[in-house]
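Undergrad: Following this message is one structure expressed as structure tokens.
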Amino acid sequence: MKEQLHAEYGERVLEPRRDPMHELISTILSGRTTHADEEAAYFSLRELGDWDAIAAAPVAEVAHAIRRSNYPETKAPRIQAALKQIREQNGSYDLDFLRDLPVKDALKWLTDLPGVGIKTASLLLLFNYARPVFPVDTHVHRINTRVGTIPRMGEQAAHRALLALLPPDPPFLFELHKNLLRHGQQVCQWTRPKCGKCVLQERCDAYALYGDRVPSFSEK
């Protein structure tokens, strides 16, 4: 799969796209939200001050700041609780200690934070610290289920199942994740996938079963 996606979308070099705290908070904001609105919400949030100021602000003020993100009334208290927990446990907002923790411990430390699930934790560890983990977002999950790499399962289980099949090579995992994301956005979409132009067509279980009429992912 990686080879076909590499030929279609090219190489993706593993370099941090933003600092660790930006990655963490933006990924919390990203749920059910476009990238443009996620970024707008993040920079509006930062206008409230440093992380201590944001943690101490009235929750309604934080929710208003991140209103471009969906469900701001839910995300605001989670972000504030996560900031307070980071500060209490770490003494600062410097997350670089995660680079040296065993991967299992780093994942647990992050997923113990309010509002942080396995996808967010894996993104941060792979993108910022080149740890051998594989983030499974909706695109990665959908494509691998349709192709038949994994059976239908929840995203939590899909993280474990896919990581067990892949080499513990962070550059490999990063490129595969990024190219699956792009493929899911442009071709293997939730509804009406563009199977006629899919580079994974020959190995896809869903295409073998349904041809050009692969149903919406929520249907089958």
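Undergrad: Do we have LEU5 as assigned to a helix (DSSP H, G or I), under 26 Å from ARG146 (Cβ atoms) and either of a type in the set (A, V, I, L, M, F, W, C) or within 17 Å of the chain's Cα centre (by Cα) (or both) here? First the steps, then the outcome.
TA: Values: assigned to a helix (DSSP H, G or I): yes; under 26 Å from ARG146 (Cβ atoms): yes; either of a type in the set (A, V, I, L, M, F, W, C) or within 17 Å of the chain's Cα centre (by Cα) (or both): yes.
The answer is yes for LEU5.
Undergrad: Could you please let me know if GLU15 is within 17 Å of the chain's Cα centre (by Cα) and not in a helix (DSSP H, G or I)?
TA: Numbers: within 17 Å of the chain's Cα centre (by Cα): yes; not in a helix (DSSP H, G or I): yes.
Spelling it out, GLU15 is indeed within 17 Å of the chain's Cα centre (by Cα) and not in a helix (DSSP H, G or I).
Undergrad: Kindly list, by first and then second residue, each pair from a residue in region 11-24 that is within 7 Å of GLU175 (Cα to Cα) to a residue that is hydrophobic (A, V, I, L, M, F, W, C), limited to pairs with Cβ atoms under 8 Å and residues at least 6 apart or on different chains.
TA: ARG12/PHE174
Undergrad: Kindly indicate the residue of region 146-175 that is touching a residue at least 40 places away in the same chain (Cβ under 8 Å) and charged (D, E, K, R) and also farthest from CYS204 (Cα to Cα) among those meeting that condition.
TA: Of the residues in region 146-175, the ones touching a residue at least 40 places away in the same chain (Cβ under 8 Å) are 146-149, 159, 170-175.
Checking which are charged (D, E, K, R) leaves us with 146, 175.
Details: ARG146: 7, GLU175: 20 Å.
Across region 146-175, the extreme among qualifying residues is GLU175.
Undergrad: Follow-up question, since we're still on this one. Within region 101-112, is even one residue farther than 19 Å from ARG32 by Cβ, among the charged types (D, E, K, R) and open to solvent by less than 50 Å² (accessible area, probe 1.4 Å)?
TA: Let us first name the residues in region 101-112 that are farther than 19 Å from ARG32 by Cβ, namely 101-112.
Among the residues that remain, those that are also among the charged types (D, E, K, R) are: 104-105, 108, 112.
Now drop any that are not open to solvent by less than 50 Å² (accessible area, probe 1.4 Å), which leaves none.
The answer is no; no qualifying residue exists.
Undergrad: Hey, another quick one. Pick out the one residue from LEU173, LEU125, LEU165 that is within 24 Å of ALA208 (Cβ to Cβ) and either open to solvent by less than 10 Å² (accessible area, probe 1.4 Å) or of a type outside the set (Phe, Trp, Tyr) (or both).
TA: Numbers: LEU173 fails: within 24 Å of ALA208 (Cβ to Cβ); LEU125 fails: within 24 Å of ALA208 (Cβ to Cβ).
LEU165 is the lone residue from the list that is within 24 Å of ALA208 (Cβ to Cβ) and either open to solvent by less than 10 Å² (accessible area, probe 1.4 Å) or of a type outside the set (Phe, Trp, Tyr) (or both).
Undergrad: Would you pick out the residues in region 176-199 that are open to solvent by 40 Å² or more (accessible area, probe 1.4 Å), free of Cβ contacts under 8 Å to residues at least 24 places away in the same chain and assigned to a helix (DSSP H, G or I)?
TA: GLN186, GLY196, LYS197
Undergrad: Return the only residue of ILE54, ILE66, ILE79 being in contact with a helix residue (DSSP H, G or I) (Cβ under 8 Å, 6 or more places away or on another chain), open to solvent by less than 70 Å² (accessible area, probe 1.4 Å) and in contact (Cβ under 8 Å) with a residue 40 or more places away in the chain.
TA: Working: ILE54 fails: in contact (Cβ under 8 Å) with a residue 40 or more places away in the chain; ILE66 fails: in contact (Cβ under 8 Å) with a residue 40 or more places away in the chain.
Residue meeting the stated conditions: ILE79.
Undergrad: I'd like the full set of residues that are at pLDDT 95 or above and surrounded by fewer than 17 Cβ atoms within 10 Å (Cβ to Cβ), limited to region 27-43.
TA: Listed by number, the residues that qualify are ALA36, PHE43.
Undergrad: Next up: Which is more than 15 Å from the chain's Cα centre (by Cα), modelled with pLDDT of 95 or more and closer than 28 Å to GLY154 by Cα, of PRO135, PRO114?
TA: On the way: PRO135 fails: more than 15 Å from the chain's Cα centre (by Cα).
One residue alone meets the criteria, PRO114.
Undergrad: Could you tell me which of the residues LYS75, LYS84, LYS104 is part of a helix (DSSP H, G or I) and under 17 Å from the mean Cα position of the chain (by Cα)? Before you say what the answer is, go through the steps one by one.
TA: On the way: LYS84 fails: under 17 Å from the mean Cα position of the chain (by Cα); LYS104 fails: under 17 Å from the mean Cα position of the chain (by Cα).
Unique residue meeting the criteria: LYS75.
Undergrad: Scanning for something touching a residue at least 12 places away in the same chain (Cβ under 8 Å) and on the phi > 0 side of the Ramachandran plot, does region 117-126 turn up at least one residue?
TA: Looking through region 117-126, none of the residues is touching a residue at least 12 places away in the same chain (Cβ under 8 Å) and on the phi > 0 side of the Ramachandran plot.
Undergrad: Can you find a residue in region 133-144 that is open to solvent by 40 Å² or more (accessible area, probe 1.4 Å) and among the charged types (D, E, K, R)?
TA: No.
The values are calculated or read from the model by the stated rules, or taken from the named source; none is laboratory data. Owing to the predicted nature of the structure, the values given are computational and were not obtained by experimental measurement. Positions of Cβ are backbone-derived with ideal geometry, glycine not excepted, and every protein chain shown enters the neighbour counts. Calculation scope for accessible area: heavy atoms of the full protein, side chains included, ligands and nucleic acids excluded. Shrake-Rupley method; radii C 1.70, N 1.55, O 1.52, S 1.80 Å.
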